[in-house]
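These notes are about the structure you will find just below.
Just so it is clear, none of the values below were taken in a lab; they were calculated from the coordinates. Here the structure is a predicted model, which is why all the values come from computation and not from measurement. Virtual Cβ from ideal backbone geometry, glycine too; neighbours counted across all protein chains shown.
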Amino acid sequence: QVQLVESGGGLAQPGGSLRLSCAASRRIFGINTMGWYRQAPGKQRESVATITSSGGTNYVDSVKGRFTISRDNDKNTVYLQMNSLKPEDTAVYYCRIMATGYIYWGQGTQVTVSS
């Protein structure tokens, strides 16, 4: 059973930075898209950033220019560098890995942006 372990969440001040990491507990074969999603209280889960196996990226408009997604294929790990954080970025962040025939989700990590 593959588990995705997220780390790097926490409390940040507005304008600050955090870096999220998501690592698979064991090697996953056939990975294509990796991504980060978030869910704020009372809102639906939304896609924040995705990255394909060839390195193509996509971001929700609200984080463009502030967040950067990257991946390490050898380590089956995906990262999210979050800069210039805003209070509206407060949410539980989930990583997702899509592989051939499977979709894996992390357990979520809380990100709180507050002064």
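Points worth noting:
- Structural descriptor for the chain: relative contact order 37 percent, calculated from alpha carbon pairs under 8 angstrom and at least 6 residues apart.
- Residue (of Ser54, Gln110, Tyr94) at the positive-pole extreme of the chain, dipole from beta-carbon charges: Ser54
- Label-to-label distance, Asn73 versus Gln110, with points set 7 angstrom from Cα along the beta-carbon direction: 3.7 nm.
- Residues of the range 26-41 with amide N under 18 Å of the 7 Å Cα→Cβ point at Ser54: 30-35
- Within the listed set Ile69, Ile31, Ile51, the Gaussian network model of the chain (springs between alpha-carbon atoms below 10 Å) gives the highest mean-square fluctuation for Ile31.
- Cβ-defined net charge surrounding Val111, 10 Å radius [Lys, Arg +1; Asp, Glu -1]: 0
- Cα-only radius of gyration and Dmax that characterise the range 55-115, units Å: 13.0, 43
- For the residues Gln44, Gln81, Gln13, a GNM of the chain with alpha-carbon springs under 10 Å puts the largest fluctuation on Gln44.
- Percentage, to the nearest whole number, of Cα pairs in the range 1-62 over 13 Å apart: 74 percent
- Stretchable slack from Tyr102 to Arg66, in nm (0.36 nm times residue separation minus alpha-carbon distance): 10.0 nm
- Candidates Ser84, Ser54, Ser21: whichever shows maximal mean-square fluctuation once the chain is modelled as a Gaussian network with Cα springs under 10 Å: Ser54
- With a cut-off of 15 Å between beta carbons, the residues surrounding Asp89 carry a summed charge of +4, where Lys and Arg count +1 and Asp and Glu -1.
- The dipole here belongs to the chain: it is taken about the Cα centre, uses +1 on the Cβ of Lys and Arg and -1 on the Cβ of Asp and Glu, and is about 100 debye.
- For the chain, the alpha carbon convex hull comes to 94 Å³ per residue, rounded to a whole number.
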